[in-house]
Amino acid sequence: MEAKSKGLSSRSIALLASGLIGAVLLASLVAPSLIKLPPFAHPCVAVIKIEGVLASSQDYTFLTPQVGVEEYIKLLDKAREDPHIKAVVLYVNSPGGTIWASEDLYFKVIELCKSKVTLAYVDGYCTSGAYMAILPVKKILTSNSSIIGSIGVCMVLVNFNGLLGKIGVKVLTFKSGRLKDIGSPFRNITDEDRRIYEDLIKGLFRVFKERVLKYRTNLVNKSEIFEGRPYTAYEARRLGLIDGVTTLNYAINLAKKMAGLPSNTPVEYLKPARKGLLSTILRSYIRLTGNYAPNIEILALWPPPSPTFTILELLTKG
């Protein structure tokens with residue numbers, strides 16, 4: 001009887017341990033979305049870091065970021081709603097991303113700029129969709145080694161039709177209209193398809209260009225700027241894409257001055273919630289088994305993704 005009792009006790013401990021581990025994993029997934037940060041207790045300047053590819057964390061593609069644009073939007077809302085945050089510096093190092101994620105961030109920056117003094121400081125990349133997202137700020141400042149610009153939109157289309165034909169695979173498509181399957185990776189691209197794609201890109205680029213012209217009123221050599229070329233910081237300043245080449249400390253002090261704050265005003269850094277262990281596991285699983293390689297991506301991104309980039313993403317990132 002004594003041995004049996006001990007055995008039952010061991011099983012109970014094992015079950016309890018399993019339950020605790022499961023609870024911790026579940027909490028790591030859901031807790032970040034439930035936490036609401038309290039307001040700061042004193043006037044301050046907030047620095048919000050926006051880094052990496054801009055894309056939704058729900059879009060399980062080869063562009064799926066470690067931090068989804070939703071997390072940056074939460075931080076912008078936090079800064080806008082907190083009465084103690086008097087000015088904001090967006091610390092940017094991003095090549096851009098999907099056109100939709102970049103635009104979502106752009107509109108949130110507009111909201112923030114209506115209620116807070118907002119500057120941007122670039123340390124690294126601020127190209128394509130990332131540049132569009134920060135256009136509404138009062139000043140765009142950069143480090144001297146930053147890369148700026150690449151204003152434009154591109155479409156990446158993956159087509160498997162030739163490969164499938166070589167291995168004897170046939171795909172049958174039944175559709176209600178002649179163009180209903182446009183963009184399908186299982187049929188050849190027609191001249192009409194190309195014209196439609198070009199019209200889509202032209203329409204999206206027209207919006208991007210109008211936003212640049214609205215917020216950057218002192219541009220030089222506009223025809224060159226809108227060819228999609230990236231520039232060094234000093235070239236970007238000469239062309240009117242940015243307002244100065246300096247340091248982060250200078251940008252923070254300028255934000256204080258523009259907001260009428262004393263020089264000793266504290267600086268608070270707002271960071272996106274860290275992904276929990278279970279969330280990372282689920283993301284890795286979905287990316288390896290689900291929709292990780294779509295046939296179409298419409299991007300405001302520079303440099304554009306390459307086959308090597310795609311393969312490395314799948315193999316090394318969760």
Note to self: Anything in the range 223-247 that is over 16 Å from T127 (Cβ atoms) and acidic (D, E)? List them, or say none.
What the structure shows: D243
Item checked: Pairs with Cβ under 6 Å, 6+ apart, first in the range 193-215 and free of Cβ contacts under 8 Å to residues at least 12 places away in the same chain and of a type in the set (D, E), second assigned to a helix (DSSP H, G or I) and surrounded by fewer than 14 Cβ atoms within 10 Å (Cβ to Cβ) -> none
Checklist line | Members of the range 178-200 found to be within 28 Å of the chain's Cα centre (by Cα) and part of a loop (DSSP other than H, G, I, E, B), listed by number | finding: I182, G183, S184, P185
Notebook entry, point to check: Checking T118 against (1) over 22 Å from A259 (Cα atoms); (2) at pLDDT 95 or above; (3) crowded, with 19+ Cβ neighbours inside 10 Å; (4) among the polar types (S, T, N, Q), which test does it fail?
Noted result: (1)
Next item on the list: Looking only at the range 190-197, decide whether some residue is closer than 23 Å to L299 by Cβ and surrounded by 15 or more Cβ atoms within 10 Å (Cβ to Cβ).
Entry: yes
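Let's see how each residue does on (1) closer than 26 Å to A101 by Cβ; (2) part of a helix (DSSP H, G or I); (3) in contact with a strand residue (DSSP E or B) (Cβ under 7 Å, 6 or more places away or on another chain):
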residue: L141; (1), (2), (3): yes, no, yes
residue: G165; (1), (2), (3): no, yes, no
residue: S176; (1), (2), (3): no, no, no
residue: K202; (1), (2), (3): yes, yes, no
residue: T217; (1), (2), (3): no, no, no
residue: E227; (1), (2), (3): yes, no, no
Next item on the list: Return the total of residues in the range 141-178 being at pLDDT 85 or above and under 30 Å from L241 (Cα atoms).
Entry: 14
Note to self: For the condition among the small types (G, A, S), modelled with pLDDT under 90 and more than 27 Å from S94 (Cβ to Cβ), what is the one hit in S184, S279, S263?
What the structure shows: S184
Check: Just a yes or no: is a residue in the range 89-100 under 30 Å from F205 (Cα atoms), modelled with pLDDT of 65 or more and part of a helix (DSSP H, G or I)?
Finding: yes
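The values are calculated or read from the model by the stated rules, or taken from the named source; none is laboratory data. Here the structure is a predicted model, which means the values were calculated and not measured. FYI the Cβ positions are ideal-geometry reconstructions off the backbone, even for glycines, and counts take in every protein chain you see.
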